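Asker: Take this structure first; my questions come after.
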Amino acid sequence: MPTKRRYSDLLPALIFLLPGLILFILFFLGPMLYSLRISFFAWKIVHPDQSVFVGFDNYQRALSDPIFQRAIFNTLAYTVITVFVKMALGLGVALLLNQNFHGRTFFRVAYYLPVITSWVIVSLLFEYMFNGQAGLVNYILRDILRLIPKDIIWFADPILTLIPIILLDIWKGIGWAAIIFLAGLQAIPTELYEAARVDGANSSAQLRYITWPLLGPTIVFLVVVLVIGGLNAYVPFQLITHGGDPMDLTHSILTLMYEATFGRIDFGYGAAISYLLTVFVFFVSLIELRLMKQQAA
Amino acid sequence: MKRSSQQRLGTLLRLVILILGLGFVLLPIWYMVITSFKPQTMIFELPPRLWPRTWTLKNYVVALGKDNFGLYFLNSSKVAIVSTFLTVLISSMLAFVFARLRFPGKEALFTMFLLGMMVPPVMLIIPQFLVAKWLNLFNHWGLILVYATMNISMQTFLLRGVFENVPRDLEEAALIDGGGPWTIFWKIILPLSWPGISVVIINTFLYSWEEFAWANVAIKNASQRTLPIGIALFQSEHLTEWGQVFAASLVALVPVLIIFIIFQRHFVQGISTTGLKG
């Protein structure tokens, strides 16, 4: 309904855009381009003008570095497992909470509690719970469930170390997935369910033919955001593995980037790693969006 | 008759599953709480207890009196409050433009802002470090400006969806009364979008309160550290004093909890008013 407007849009638009645009250019767009430049140099942080152009050398070094390859493996395993489990359990919790019953608000807040805790704090907490000597998890596995004969030293083995990190992310992330699903569920008109009930559809048929298709956009949003978040994992890896212990085998891509940059002061190499990750994230997101659109059509 | 007993069974089953899940969710938090009340000698006791034999407040007294904890708490509060305020203001101004105004190049500009959702904050640390060095921003303003920037993409995206749902008729009425875009933004759009803005407040406050990676490189001066840095350092300096680490951690969680409780009423409703629904 384009009624005649009394003001022209361009000038107010500019004024409203200005503060955001300045911040965005100064701390996002500019840095991104600058980082691209750095990645092609053997960058000297003290005398940037003496930096030597090295072409794709930093990228090649990264791709042929076994520590980087290991970091890719760790990050991918972490992402695939956590996204899948969080989506499945989050949907389950949302379906259970999307009905009227006493104590619903209590459950909602309780399930959301891990989401609002801070990464630093819960990373330390999981490190303590998975402690090799007298840790709670070992105690439960050995003495209560009797699944293991003796204590597991979780943080001495590069694969076992991933388990607490993955469990931490699942524990902290279910509530968020659930609340997004819940919002999606509540946007589905109840008349659809009533009509289906009149037609004699049972609840599993309703789930399959109404809930599932109409949750499409919610699922797309969740997959895209969770995968981006997973590939960018940093704090839990940094704090639980203390930057790649044992023997640099437990890095995520970003902890390795951080160590190369601020530990070894190799800014060019760090920038190359972050660009490799960004390009990868970008294409994964595009592919996800494309696939989902196809499925919806 | 049959239907109602079936329903009751369903409700019972749902409650059982929910309570089992609750155990998984709350156990770590409970363990943190009771550890913070355990004396140091029982931190590694076998078997580990979910109900300590002796309770003590000593961890809180020691941890809170140590290492400038109070100062870090104030620093974090200041940074989180200002970042949240700036993000809400800037994102809603941007979202208003994208939801309501018309000018050439709007879609391209919006897409550019969406780029910010795809790029990992940590990857920008290197160049942001150089920008901060250039502008002399190794202080709280450096944190605030970067936090606001890292949040505006996602929050603008959410708020655009919210603002698009505000009925246009109200706007027409304001126009007839001679109001300009500022009046519409301030008097109509913002007051009607409260649930959506609550979501933005929770998201941004949480992010700024717990951010670690950028604060870790941008703050050099010990007196300007924020809580996450303070707690991580504390743990690496006092490796086995878990009681004190968790006492400090739990106090650090209180503000987030308060913000969440204040704004959670609007939370689910707020999310479904954003662009996420079908």
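Asker: Which angle between 0 and 90 degrees, to the nearest 10, do you get for helix B:194-210 versus the longest principal axis of chain B when only C-alpha atoms count?
Answerer: Its long axis makes an angle of about 40 degrees.
Asker: May I pose another question? Please go through the residue pairs A:Lys86/A:Lys172; B:Lys78/B:Lys220; B:Lys133/B:Lys220; A:Lys44/B:Lys133; B:Lys66/B:Lys133; B:Lys38/B:Lys58 and name each one whose alpha carbons sit more than 20 Å apart in this structure.
Answerer: Among A:Lys86/A:Lys172; B:Lys78/B:Lys220; B:Lys133/B:Lys220; A:Lys44/B:Lys133; B:Lys66/B:Lys133; B:Lys38/B:Lys58, the Cα-Cα distance tops 20 Å for B:Lys66/B:Lys133.
Asker: Further question: Can you give me the C-alpha center-to-center distance between the range A:108-145 and the range B:160-209, rounded to a whole angstrom?
Answerer: Distance between centres, Cα-based: 41 Å.
Asker: Taking the Cα centre of chain A as the origin and placing charges on Cβ (Lys, Arg +1; Asp, Glu -1), which of A:Thr117, A:Leu21, A:Ala205 is farthest toward the positive end of the dipole?
Answerer: Result: A:Ala205, furthest along the dipole toward the positive end.
Asker: Name the chymotrypsin sites (Phe, Trp or Tyr not before Pro) in the range B:86-153 that are in a loop by DSSP and that have at most 15 other C-beta atoms within 10 Å, would you?
Answerer: none
Asker: Helix B:2-36 versus the longest principal axis of chain B: what is the Cα-based angle in degrees, 0 to 90, to the nearest 10?
Answerer: Long axis of B:2-36 versus the principal axis of chain B: about 60 degrees.
Asker: Next question. For B:His140, B:His238, what's the fewest-to-most ordering of other Cβ within 10 Å of each Cβ?
Answerer: B:His238, B:His140
Asker: If you don't mind, another one. Given labels modelled 7 Å from the Cα in the Cβ direction, how far is it in nm from A:Asp157 to A:Phe282?
Answerer: Taking the two extended label points, one gets 4.0 nm.
Asker: Give the relative contact order (percent, whole number) for the range A:57-296; include only Cα pairs under 8 Å separated by 6+ residues.
Answerer: Relative CO of the range A:57-296 lands at 30 percent.
Asker: Around A:Leu231, under 14 Å between beta carbons, what's the net of Lys plus Arg minus Asp minus Glu among the other residues?
Answerer: -2
Asker: Counting only residues 5 or more places away or on other chains, whose amide H sits under 5 Å from the amide H of A:Phe41 once H atoms are built in the peptide plane?
Answerer: Long-range HN contacts for A:Phe41: A:Val54.
Asker: Once fully extended, how much extra length lies between B:Val254 and B:Asp177, figured as 0.36 nm per residue of separation less the alpha-carbon to alpha-carbon distance?
Answerer: 23.1 nm
Asker: A:Pro158: net charge of surrounding residues, Cβ under 10 Å, Lys/Arg +1, Asp/Glu -1, itself excluded?
Answerer: -2
Asker: Find out how many positive minus negative residues lie around A:Leu97, taking Lys and Arg as positive, Asp and Glu as negative, among other residues whose Cβ is under 11 Å from that of A:Leu97.
Answerer: +3
Asker: Could you pull out the chymotrypsin sites (Phe, Trp or Tyr not before Pro) across the range B:1-93 that fall in loop regions by DSSP (anything but H, G, I, E, B) with no more than 16 other Cβ atoms inside 10 Å?
Answerer: B:Phe44, B:Trp55
Asker: Could I ask something else about it? Could you work out, residue by residue across B:24-34, how many beta carbons of other chains sit within 10 Å of that residue's beta carbon, and then give the average as an integer?
Answerer: That average works out to 5.
Asker: Apply the a/c threshold of 1.5 to the C-alpha gyration tensor of chain A and tell me whether it is rounded, prolate or oblate.
Answerer: Cα axes put chain A in the oblate bin.
Read-outs: derived from the displayed coordinates by stated rules, not from any lab. All values derive from a computational prediction rather than experimental measurement. Heads up, the Cβs are rebuilt from the backbone with ideal geometry, glycines too, and the neighbour counts pull from every protein chain shown.
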